[in-house]
Structure formats: C-alpha cells, structure tokens
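Heads up: the structure comes next, in structure tokens.
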Amino acid sequence: MPPAVAAGTRGRGAVVVSEGVPDAEQRAEPDGARPAGTKVRRRRAPATGGWTVRRWLTVGTCAALAVLVALSVAGGWVFARSTRLTDNLSDSVTPAQVAAVQLDEALVNQETAVRGYGLTGQRSFLQPYIEGLASQRAQTATLRQLLAHDTRTAADLNAMLLRVETWQSRVARPIAAAPAGAPVALATQRADEGKREFDAVRTAGDRLESTLAERRDRARADLRRADAERDWIFGFIAAVIAVLVVLIFAGLRRGVTGPLTRLSHDVRTVADGDFAHLLTPAGPADIRALALDVDYMRGRLVETLALRDLARARLDEQTADLRRSNAELEQFAYVASHDLQEPLRKVASFCQLLERRYADQLDERAVQYIGFAVDGANRMQTLINDLLAFSRVGRVHAETSEVDLEALYGRTVESLSLAIADADAEVTHDPLPVVKGDATQLGMLFQNLLSNAVKFRAPDRPPRIHLSVTAASDEEWEFAVTDNGIGIAAEFAERVFVIFQRLHTRDAYPGNGIGLALCKKIVDFHGGTIAIDLQHEPGTRFVFTLPRRADEPVPVAVPDADHEGHGDDEPGMGGGEPSGGTVDADSGGRTPGRHAVPSPANATGGTAASGTVAPDSADRASRAGGALSRDQ
C-alpha cells in the first residue's frame, strides 16, 4: 500500500504514515528521498490468523495423550487377560489334574486292599482301603471345587463317582465288613462282578483324565495366544511412541525452532547494522506476530536513528551557538569587571570631590543627596561584582583537584576571625575529609555559610556555629552548618536559594541576596545537593553533600584538652538571609569592591585544627581598625 502523506505533501514537517509492514520500496527509501524534518510514523501490522504455538502444542499434546491412553488401555487388557489365563492354568487346571490322579490312586489302593483281605482274611490288608476312602473324599471335594464352572468335566467326575459307588456297594464294603480270620467266601463269589465294576471305574477315570488333559491343552493354547497378542500390542505401543517422538521433534523443528532460528538470524543481521534487512514472518501465528513486532521495532529504530542524526545536527548548531554565546559572555564579564566599574568609580569620586570642595556652599539636603549618589554607585559596583562571581562558578574556576577541607576551613575561619570576635561567636567543627573539587569555589561555599551564621545571629544569645560531617554513603559526604541564630521559616526554605531573593530589609541586614544562590550553584557544580533542615530549631541547619573518594576513610576526631566538651552542645543555625559575600580566588578574602578582612600573621582568632574559635578581647582590640563587609 503506498504511504499516505499528511496534508497531501512530502515537504518539510510532513508526517508519513505506513500501513502494516512497510513494503520494500518504503523500507529501502534512501535518506535523500525524504526531505529534512519529515517524520515517519509506522503503524504496527495487525497479527495474522492461524494457530499459535500454544494451540499447536495443546492439540498435539491432547492427541498424543489420547493415543497413549488408548494404547495403555489395550495393553492393560491384554496383560490382564494373559494374567487371568496364567492364573487359571496354575490355580485350576493343573491342580484338577493332580487331584484326578490322586483320586485314581486312592481307588486302586482300595481295590488292592479289598482283594487282599478277601483272599487272606487278615485285617492288616484293610488299612490301605481305609486310607484310600479318606483320600477319595478329600480329592473328590477338591475336584468339585475346581470344576464348579466346568460342567463337562464335572459330569465326567459325577459319572466316575457313580461307578465308584456301585463298585463299593456291591464289592468293597461287603467284603470289608466280613469277619476276619479266614478267607472271605463272598470275595470268591463276586470276583468276576468286582472285576467288571472296577474296570468300569477305570474307564470313567480315564475319561475324566482325558477331559482334564483337553482342558489343560486349551488353557495353554489360550495362554500362548495371549502372550503373542501381548507382545504384538506392546511392540505396537513402542512403535507408536517412537512415531510420536519423531513427529513431535519434526513439528517443533518445523513450527518453532526453524522459524525462531530464521528470526534470530534476521535479528542478528539487523543488530549488526543492516537496518534495511527485511524480516520474513514464518511459522505459527504468534511467531509471525513476533517477527512483525521485531520488524516494526526495526522500522522505529531506523526512524529513531534518522531523528538522532537530525538532533545531532541541531545539537551541533546549538553547540556552536553556545560557544558563541559563551564568548560573548566572556566579553561581557570583561566589560563588567573593567569598563562598567570605571564610570561608577568616577561618579562616586567626583561626587565626593564635589562634597569636599563646595561643602561650605551646600546645605544639609544637598550633602544627603550626594551621599545617596555615592551609596548607589557603591551598591551598583558591589552588585556587578556579585553577578560576575556568580557567573564564573563552573566556568572560570572549573578545575578539580584534591582539596583538604580541614586546611580550607582553617583559612576561611581565619579570614572571618574579626567578625567572629566582634560577634563573640564560638565556631567548632568535626574533622574534615579530603574531597575532589575546586578549592576556590569550596572556599566561597564555606565563607558564605559561616558568615551568614555569624551575620544572622540572635540578639539574646552568643552565636554557636558547628560544621559537622558524616559519611552518608560510600559515594558522598554529608556536611551540616548548624547555628543558633534567628532561623528561617519553612515557607522560605526554597526561596532563599533564588538569586536576589531577600527576607529582610537592607537596613536590618545589608546584602544583595546572592550568597545562598551562589552556594547552591557551587554545590550543584560539584554534583551534590543543599537544603535546609526544617526539623532543626532553634536556628538553622544547612545540609549539603559532596562526592566522596572511594578510598577516603572517615575522619576521626583527636581529643583536645583545651576544648573538651564543645562537641556536646549542638549549635543552632543562623542563616535566613542569603549571603552575597564571595571569596577572592587568590587570597581567600572578598572579591574586589568589597572590604576584605585582614589576616595578620599574629592573628589568633581562628585555627585550622578541630578546636574552637573563641573571642579574645586582646585580639579584638588589635583589630579595632579593621572593617568587615556586612552586605551579604
């Protein structure tokens, strides 16, 4: 089906919709045939009809199970028949033959005993007769039980027993009842009759044994036929199972493994980079649907790669624009740091000259106006310096190295020693680790947070400031600057990190509202986060994270006898108003245009150790002439 083109055009921005699986012409369309910006949206082909692998397996398994069940029933019937015939031969036919033979022996013993007694008259000759009678009764009972379901053999048994009864009543019992001591005359008188009757008994016994032999032969023949049928049935079952295994293997190879192998080969071909290779659906419906889905994914990948190339080209253009913008920003920074400040200095200088030269001619209102002009020029110069420092974060001082925060903290506290002494503040810290970052920016971070804690102190208590550090995880440190100052309301917890956002008037707390925004930018540049702990009170706690070296151990505090016990008091947090103070990259002090805190060699107000920076009256007296910037 030819592609439908949106709005009847294939111009820039057109959307090409391909129905189903795109044909060869659509798939092989060269990159140059589609105008730049054309977006292709393919619709997934609907699944074709036919049986799925699950349906084939279900039907095949049910059919195989049905055949196996039928064969199992046939095999069970043959096996049961063979077992029944075997049991009949061993439990009925053979015992009946044995009982018939034993019955015949018992009758022969009776006839011999009666004949011997009749000739001699001695009682000892009757013992075999008596035992023969007992054996006859036992074997007769056995035969009647074994031949209960065989009427023909049972009739032969009855005929034999009738002849036995005739012989016993006419010959055996009368002779055995005659008195002993002399030959029995009755034996001589009935000798011929006794011979005829016993011959009849023998004839009936032979007929019974012949019937039992025929019955045994029939049972053996049936058993041999059953064994042959059993062997044939079991052989057929084995052949059917073998055929089923072959059919299952061939079916899986033809319907599952074969199509999956071809699909795998096509997918590997596409994965190797031949995105124009067509995937041919084959096999059951779900495998064909899978092939269509993979081919649809291949088409989407082709579109995605085309869009990626387009996005890369646009990204290259934007990168070039960004380089040009950065160059212009560098030029602006140069102008801001040099050319723009020169007119401000001239305004302030000439206003002050005007005030001194014509002081006797100016009234109080004019002097006030000149003061306003000078103060505005100074504030503008400070604002320019702050903006310049803010723009340089991550751009100018972007070289990372291993920074010893312990030494950096000591230099920072020393630069703030005059303000700390004036505020009668106590500054403590945990042992600090070595991190990877920019020393200048991290110095600016420490100075802004510590100076804010001193600046926004509570009027009713001396400042207590503490810098703590813990291993938040194997990948980062968690620092916290805590003080007991005036604190920050929860609704301003996010606002304080926005540039030029102030919470107090300039008369209450001087500054430009850029310090905490600068801190956030520095922490973000180092891959960490910074926030205010809203659960802490009184005061404020600034919590920020910095990346941790893999081999960096957790610093261990060394006890100091002079400052033992300072770690027990958790300092509060000051802050509130964002600080605009920045650290000079060269000296660790303020940037040009601010009043830098002097760091004399004999200063004792701060230390790089993990002790406490305490106020010292003599030190404050020695710094009486110093000036601290409070425009943060």
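The values are calculated or read from the model by the stated rules, or taken from the named source; none is laboratory data. In this text the structure is predicted, and so the values were computed from the model without any measurement. We place every Cβ from the backbone using ideal geometry, glycine too, and count neighbours over all the protein chains shown. Accessible surface is based on the protein model in full, side chains and every heavy atom, while ligands, DNA and RNA are left aside. Shrake-Rupley method; radii C 1.70, N 1.55, O 1.52, S 1.80 Å.
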| query | Applying the selection to the range 262-293, what residues are buried (at least 16 other Cβ atoms within 10 Å of the Cβ), under 21 Å from residue 252 (Cβ atoms) and of a type in the set (A, V, I, L, M)? | reply | 263, 267, 285, 287, 289, 290, 291
| request: Could you tell me whether any residue of the range 332-339 is among the hydrophobic types (A, V, I, L, M, F, W, C), modelled with pLDDT of 80 or more and either surrounded by 15 or more Cβ atoms within 10 Å (Cβ to Cβ) or outside any helix (DSSP H, G or I) (or both)? | output: no
| query | Within the range 464-473, is even one residue assigned to a strand (DSSP E or B), more than 43 Å from the chain's Cα centre (by Cα), charged (D, E, K, R) and farther than 12 Å from residue 547 by Cα? | reply | yes
| Residue among 445, 362 that is surrounded by 14 or more Cβ atoms within 10 Å (Cβ to Cβ) and at pLDDT below 80 | 362
| task | Output the residue which, of all residues in the range 234-246 that are open to solvent by 70 Å² or more (accessible area, probe 1.4 Å) and in contact (Cβ under 8 Å) with a residue 40 or more places away in the chain, is farthest from residue 51 (Cα to Cα). | result | 234
| task | Output the number of the condition that residue 231 fails; it satisfies all remaining conditions of (1) charged (D, E, K, R); (2) more than 28 Å from residue 76 (Cβ to Cβ); (3) within 60 Å of the chain's Cα centre (by Cα); (4) exposed (fewer than 14 other Cβ atoms within 10 Å of the Cβ). | result | (2)
| Within the range 426-442, considering residues that are over 9 Å from residue 405 (Cβ atoms) and of a type in the set (A, V, I, L, M), the one surrounded by the fewest Cβ atoms within 10 Å (Cβ to Cβ) | 439
| Neighbours by Cβ (under 7 Å, 6+ apart or cross-chain): first from the range 521-534, within 11 Å of residue 546 (Cβ to Cβ); second assigned to a loop (DSSP other than H, G, I, E, B) and modelled with pLDDT of 85 or more | 523/529
| task | Among the helices (runs of 4 or more DSSP H) lying completely within the range 135-206, list those that include at least 3 residues that are closer than 22 Å to residue 89 by Cβ and at pLDDT 85 or above. | result | 151-167
| remark: Of 214, 209, 165, the only residue that is at negative phi and touching a residue at least 60 places away in the same chain (Cβ under 8 Å) is 209
| Can you pull out the residues in the range 255-299 that are in contact (Cβ under 8 Å) with a residue 12 or more places away in the chain and among the charged types (D, E, K, R)? | 262, 266, 286, 288, 293, 295, 298
